[in-house]
Structure formats: C-alpha cells, structure tokens
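> Here you go, one structure.
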Amino acid sequence: MKKELPEHFREYRHVWVFMELERGQVHPVSFELLGEGRRLADQLGVQLAGAVLGPPGEATSHAVTEAFAYGADLVYLLETPLLTDYRNEPFTKALTDLVVTYKPEILLLGATTLGRDLAGSVATTLLTGLTADCTELDVDTDGSLAATRPTFGGSLLCTIYTLNCRPQMATVRPRVMRMPLRTNKPVGRVIRHDLPMVEEEIATKVLGFLSDGKSETANLAYADVVVAGGLGLGAAENLRLLTNLARTIGGEYGCSRPLVQKGWMPVDRQIGQTGKTIRPKLYIAAGISGAIQHRVGVEGADLILAVNTDPNAPIFEFAHLGVVADAIGLLPTLTEVFSRRLAPRGRVKLVT
C-alpha cells in the first residue's frame, strides 16, 4: 500500500532528539540517539536538532555544547528555573510547545524512567503515535519512520509506522544504539524559546533530593564485561560460578528472565527485552538458550561467547564464539584460567 502524507503534515520537517538533562548530567542515551538521529536525518535530507530543556546555568550550556559535539546541526533551547528538577507538567508543556511551534517530523527520546514518563505525556498531548522501546529505527522509501520493536512477549519483531500523525515519536533504551564519536564541533545555531508558565500553575513541588549513589543496584547497561546465566545452571547455588567469574575478570553478572521468575536473581540483573539492554566488549552467556527476548538485549555486544550443552540452541546463531559444554563444569575452569592469567602473583578470593 502506498503511504501518502496528508498535505497539512508536509510542513513537519527535521529530526529531533530530546537531550535528557538531570541533576546537571546529560544521560548517555541522548548521545546514542544523536548518532542514530544523524543517520536518519541524512537519509531524509533534513537537519538534526537537539531539544535542550533545563535551568539557566553551566550544566544546560554544556548540554547545548555536547549536542553539537555529537552531531546536531542546531539546538532548540528552553531555559527556566521551572525546569531545574524533572516534573511532568512543566517538561510536557515545554516540549509540546516546542513541537507545535517548530514542527519536527521525528522526535526521539531515551526509554529511561524520565524519558518514558515524558514521551507518553507529550504523545498524548499532541495526539500522535509513540513506538516504545525500539530496537531499530529506519526510514521507509516514502520517508516514513520505520520503528521496530519486540512484540507478543518478545517472540516477534514488529515494525510500526505513524502515518496519520506528526511528529513520529519513538523511545529507545540505553545501549541499544551505538555511541557515536564525539568531535570538537563548534556551537552552531541555537533557537531560544520561552515557557509560558509560572510556578503557581504546577501542582508538583520538589521538596528535596535523596541520592542513591551508594545503591548496590547493578549497572549492567554500561559494563564492559558481563557474565550471565540461564536455566542451564540448574540450581540457585550454582550462581556463585557466575559471580566468581565476573569478579575475576572485573565484570558485572546477570541472568535471563527465567532466573528472575524463579527468584534466583533480582530483576535489576535481568538481561533482555524485558530487562536491561547491554553493549559490553565481552559477553559470556552460560546456559542461556538465546530466545529472541534475550537476543535483542545483547546482540550489540562486541564479542559474545556462548556456553550451552545443546548444539542447536538459538544462541549459537548470533554468538561470535560457541562452546558446546556444561556451564557448571566449564565456568570454574574459566575462572581458574583467568585468575592465573590476570593475577599471576596473587590469589583471587572465590566464594565457595
């Protein structure tokens, strides 16, 4: 079927990336989306813009600079003390005002806690479509955004088009897209916009901020080395084999969804479509079958080493290296070899 863009939507042009700025820091997913947005904008022959919303000050100015450094052609800037801390009302009002005024054809946001909350509110306010948790973005032959995401519990990949609304919105989880190279590109055109809102109109008030900097929550998404296990480990007590290996090689450890469902590991250690998306330099998957739900969370890894007793396991279809063996027997051997290799003069303390 030939897709025709209605006449009143043809004034919508350019690709936008929402620059997620919180507590003075730009979330890395914004840079990943700028890299992907650059590719889409080049395909469409349009400009790539960053949308920076924040309080006046050095942190917001730095976000503008970084947007250009990671590929933006221009930046839409909205500075006001009302945007010091994330609150849905002022951020939704600010971003929707920008969209209504300047009319982007594509708007990308990170599928973070903040991004998911904001994206849903903005899409609802604008009466447009939103494709969440995309694993791939592309441009169709007619210029429409083709947003691909897992569906039916992760068993299928579905490509979604927003044909009758603008902008076309999508969220992408951190580490799904590759981080682009940063360049020392000078600051270009910055378009400033005002927020027609006062504090008294905002129901939510920020009373204070409690940092979770000392939290033991796993940071799997940005680990360079990850060791993960699945049902092939057989029993909860065998998880120590994962933690020993991960500790020895300086990595994080995780698991597939069935282990979380069994209560063997907490949900923040789950890897896959319904868990964390990772892009490590090395990923070791022990006793994981490699269903599509897991594959979409790990296929961005530079090197995937799979260990499974089943030579026909799906994971061997996308792993770079495969070992047909029992993970329970192989993991201690790998740990011992790595221990001797990495600490020849010392001993690594293992949990028994």
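The values are calculated or read from the model by the stated rules, or taken from the named source; none is laboratory data. Owing to the predicted nature of the structure, the values given are computational and were not obtained by experimental measurement. Glycine also receives a Cβ, built like all others from the backbone with ideal geometry; neighbour counts cover every protein chain displayed. We work out accessible area using only protein heavy atoms, side chains counted, and drop any ligands, DNA or RNA first. Shrake-Rupley method; radii C 1.70, N 1.55, O 1.52, S 1.80 Å.
> Check Val100, Val75 and return the single one that is without any contact (Cβ under 8 Å) to a residue 40 or more places away in the chain and among the aliphatic types (A, V, I, L, M).
Val100
> Could you list all residues from segment 112-140 that are part of a helix (DSSP H, G or I) and either within 15 Å of the chain's Cα centre (by Cα) or of a type outside the set (Val, Ile, Thr) (or both)?
Passing the criteria: Thr113, Leu114, Gly115, Arg116, Asp117, Leu118, Ala119, Gly120, Ser121, Ala123, Leu126.
> I'd like the residue in segment 278-293 that is farther than 18 Å from Gly329 by Cβ, at pLDDT 90 or above and not in a loop (DSSP other than H, G, I, E, B) and, out of all such residues, is most open to solvent (accessible area, probe 1.4 Å).
Leu282
> When you go through Thr65, Thr96, Thr60 one by one, which is the residue that is buried (at least 21 other Cβ atoms within 10 Å of the Cβ) and among the hydroxyl-bearing types (Ser, Thr, Tyr)?
Exactly one of Thr65, Thr96, Thr60 is buried (at least 21 other Cβ atoms within 10 Å of the Cβ) and among the hydroxyl-bearing types (Ser, Thr, Tyr), namely Thr60.
> Okay, next question. Going by the structure shown, is Thr141 open to solvent by 70 Å² or more (accessible area, probe 1.4 Å), of a type outside the set (Lys, Arg) and modelled with pLDDT under 95? First the steps, then the outcome.
Working: open to solvent by 70 Å² or more (accessible area, probe 1.4 Å): yes; of a type outside the set (Lys, Arg): yes; modelled with pLDDT under 95: yes.
It is true that Thr141 is open to solvent by 70 Å² or more (accessible area, probe 1.4 Å), of a type outside the set (Lys, Arg) and modelled with pLDDT under 95.
> On to the next question. Counting residues that are closer than 24 Å to Cys134 by Cα, which strands (runs of 3 or more DSSP E) fully inside segment 157-237 reach at least 2?
Output list reads 168-172, 225-229.
> Can you name every residue in segment 127-144 that is in contact with a strand residue (DSSP E or B) (Cβ under 8 Å, 6 or more places away or on another chain) and either farther than 30 Å from Lys281 by Cα or of a type in the set (Phe, Trp, Tyr) (or both)?
Within segment 127-144, Thr128, Gly129, Leu130, Asp140, Ser144 meet the criteria.
> Among the residues of segment 45-54, is there at least one that is surrounded by fewer than 24 Cβ atoms within 10 Å (Cβ to Cβ) and assigned to a helix (DSSP H, G or I)?
Scanning segment 45-54, I find no residue that is surrounded by fewer than 24 Cβ atoms within 10 Å (Cβ to Cβ) and assigned to a helix (DSSP H, G or I), so the answer is no.
> Still on this structure, I have one more. Select from segment 241-272 the residues that are touching a Ser or Thr at 6+ places or on another chain (Cβ under 8 Å) and touching a residue at least 40 places away in the same chain (Cβ under 8 Å) and write down the one among them that is most open to solvent (accessible area, probe 1.4 Å).
Applying the filter and picking the extreme gives Asp268.
> Next question, about the same structure. Can you tell me how many residues within segment 80-107 are in a loop (DSSP other than H, G, I, E, B), over 21 Å from the mean Cα position of the chain (by Cα) and hydroxyl-bearing (Ser, Thr, Tyr)?
2
> From Arg39, Arg87, which residue is on the phi < 0 side of the Ramachandran plot and free of Cβ contacts under 8 Å to residues at least 24 places away in the same chain?
It is Arg39.
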